[in-house]
Amino acid sequence: MFDPLLHQTVRSKLVSLLITNEELPFKALKESLGVTDGNLSSHLTKLEKEGYLKIVKSFEGKRPKTVVSIAQKGRNAFEVYIEALKSFIEEN
């Protein structure tokens, strides 16, 4: 069965980006995914709530900076999700 959190285009792309980059700033994720601030925040919140992501907020001078990284739970869930996709493709 597909993980409902990851079986959504933006979230699966987001997790894929974080697996290959370890961590990325909010702005880089937003630009890579082509989404709005609010849309990205919503997806990040859902994934963080499930423990798939780690979000660190800080300041660089007076500017806020948000950096997102993949948690081990998220990495494991993504691997299971990819295997489920492979199985589905092979069966059909």
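Listed values, structure above:
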| quantity | calculated |
| --- | --- |
| Candidates LEU53, LEU40, LEU47 - the one that is farther than 15 Å from LEU6 by Cβ and surrounded by 12 or more Cβ atoms within 10 Å (Cβ to Cβ) | LEU40 |
| Scope the stretch 46-76; condition in a strand (DSSP E or B) and in contact (Cβ under 8 Å) with a residue 12 or more places away in the chain; matching residues | LEU53, LYS54, ILE55, VAL56, LYS65, THR66, VAL67, VAL68, SER69, ILE70 |
| Residue that is modelled with the highest pLDDT, among those in the stretch 1-26 that are among the acidic types (Asp, Glu) and in contact with a strand residue (DSSP E or B) (Cβ under 9 Å, 6 or more places away or on another chain) | GLU23 |
| Pairs with Cβ under 7 Å, 6+ apart, first in the stretch 79-92 and under 17 Å from TYR52 (Cβ atoms) and touching a residue at least 12 places away in the same chain (Cβ under 8 Å), second among the aromatic types (Phe, Trp, Tyr) and outside any helix (DSSP H, G or I) | TYR81/PHE2; ALA84/PHE2 |
| Number of the condition not met by LEU29 [criteria: (1) at pLDDT 95 or above; (2) on the phi > 0 side of the Ramachandran plot; (3) under 12 Å from the mean Cα position of the chain (by Cα)] | (2) |
| Where LEU44 falls short, out of the listed (1) touching a helix residue (DSSP H, G or I) at 6+ places or on another chain (Cβ under 8 Å); (2) over 16 Å from VAL67 (Cβ atoms) | (2) |
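The values are calculated or read from the model by the stated rules, or taken from the named source; none is laboratory data. Bear in mind the structure is a predicted one, so any value in this text is a computation, not a measurement. Positions of Cβ are generated from backbone atoms using ideal geometry, with glycine treated the same way; all protein chains shown enter the neighbour counts.
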